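*Asks:* For reference, the structure I am asking about is given below.
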Amino acid sequence: MKKIVAALVGLFFLVNANSQVKDPVSWTFSSIKRAPGIYEIVIAADVPSPWHMYSMNTPKGGPVPTAVVFKMNPLITKQGKLKEKGNLETVNDKVFGVKVLYFGGKVEYSQIVKVKGGISTNISGTVAFMVCDEKQCLPPTKKTFDIKLQ
């Protein structure tokens, strides 16, 4: 009986270890004070090889593009558009039938914001993204962030 219980417990741990959700991308969220009341929000991803993450400019009909959504904060106004920077690859993808834009390695998203009245506040939101390698794509994932501006 002990051997059966031990085998079942071992099988449970083996199945559980194989069912772990993969999360290959590591994220950092920070702000850089550029002038009084002006901050650069920096959202950085490290996408290890062989994985790649899709550009926010990936066309419709392709894989899920990366999207950064900031929560409304009446003390903050965005200045300009969100920028992405990294080693951008472009490929005509036969599966999707469109020109696919993706990054591997380090990718950085930046947004300039202005804080009203020089008040300390936070900016929060989510990053939605999808990663693939040559064999598989992981389901779209969301990461939340909350960055202090002071």
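The values are calculated or read from the model by the stated rules, or taken from the named source; none is laboratory data. All values derive from a computational prediction rather than experimental measurement. Neighbour counts run over all protein chains shown; Cβ positions are idealised from the backbone, glycine included. We work out accessible area using only protein heavy atoms, side chains counted, and drop any ligands, DNA or RNA first. Shrake-Rupley method; radii C 1.70, N 1.55, O 1.52, S 1.80 Å.
*Asks:* Inside region 58-104, can you point out the residues that are small (Gly, Ala, Ser) and closer than 21 Å to Pro48 by Cβ?
*Replies:* Within region 58-104, Gly86, Gly104 qualify.
*Asks:* Let me ask something additional. Of all residues in region 123-140, which are open to solvent by 60 Å² or more (accessible area, probe 1.4 Å) and modelled with pLDDT of 95 or more?
*Replies:* Across region 123-140, the qualifying residues are Pro139, Pro140.
*Asks:* Among the listed residues Val64, Val68, which satisfies the condition of being surrounded by 14 or more Cβ atoms within 10 Å (Cβ to Cβ) and part of a loop (DSSP other than H, G, I, E, B)? Even if it seems obvious, please write down each step before you answer.
*Replies:* Details: Val68 fails: part of a loop (DSSP other than H, G, I, E, B).
Of Val64, Val68, the one residue that is surrounded by 14 or more Cβ atoms within 10 Å (Cβ to Cβ) and part of a loop (DSSP other than H, G, I, E, B) is Val64.
*Asks:* Can you say whether Lys143 is under 29 Å from Ala35 (Cα atoms), open to solvent by 70 Å² or more (accessible area, probe 1.4 Å) and in contact (Cβ under 8 Å) with a residue 24 or more places away in the chain, as far as the supplied structure shows?
*Replies:* No; evaluated as a whole, the condition is false for this residue.
*Asks:* Hey, does region 5-13 have a residue that's among the aromatic types (Phe, Trp, Tyr), at pLDDT below 95 and more than 24 Å from Lys135 (Cα to Cα)?
*Replies:* yes
To keep it simple, each residue is scored yes or no on (1) without any contact (Cβ under 8 Å) to a residue 60 or more places away in the chain; (2) in contact with a Phe, Trp or Tyr (Cβ under 8 Å, 6 or more places away or on another chain); (3) charged (D, E, K, R); (4) within 25 Å of Ser31 (Cα to Cα).
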residue	(1), (2), (3), (4)
Pro59	yes, no, no, no
Phe70	yes, no, no, yes
Leu88	yes, yes, no, yes
Leu149	no, yes, no, yes
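*Asks:* Scan region 105-122 residue by residue and report those that are more than 19 Å from Ser49 (Cα to Cα), open to solvent by less than 60 Å² (accessible area, probe 1.4 Å) and either touching a helix residue (DSSP H, G or I) at 6+ places or on another chain (Cβ under 6 Å) or without any contact (Cβ under 8 Å) to a residue 60 or more places away in the chain (or both).
*Replies:* Matches in region 105-122: Thr121, Asn122.
*Asks:* Residue by residue through region 36-51, note down the ones that are part of a strand (DSSP E or B) and buried (at least 17 other Cβ atoms within 10 Å of the Cβ).
*Replies:* Taking region 36-51 and keeping what is part of a strand (DSSP E or B), we get 38-47.
Within region 36-51, Tyr39, Ile41, Ile43, Ala45, Val47 meet the criteria.
*Asks:* I'd like the residue in region 20-35 that is modelled with pLDDT under 95 and open to solvent by 100 Å² or more (accessible area, probe 1.4 Å) and, out of all such residues, is farthest from the chain's Cα centre (by Cα).
*Replies:* Going through the qualifying residues, I end up with Gln20.
*Asks:* Take region 58-103 and flag every residue that is touching a Gly at 6+ places or on another chain (Cβ under 7 Å) and under 29 Å from Gly118 (Cα atoms).
*Replies:* Val68, Val69, Phe70, Lys71
*Asks:* Look through region 71-118, keep the residues that are hydrophobic (A, V, I, L, M, F, W, C) and not in a strand (DSSP E or B), and return whichever of them is farthest from Lys135 (Cα to Cα).
*Replies:* Among those that are hydrophobic (A, V, I, L, M, F, W, C) and not in a strand (DSSP E or B), it is Leu75.
Here is a yes/no grid of residues against (1) buried (at least 17 other Cβ atoms within 10 Å of the Cβ); (2) among the aromatic types (Phe, Trp, Tyr); (3) at pLDDT 95 or above:
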| position | (1), (2), (3) |
| --- | --- |
| Met53 | yes, no, yes |
| Pro59 | no, no, no |
| Asn73 | no, no, yes |
| Lys94 | no, no, no |
| Phe103 | yes, yes, yes |
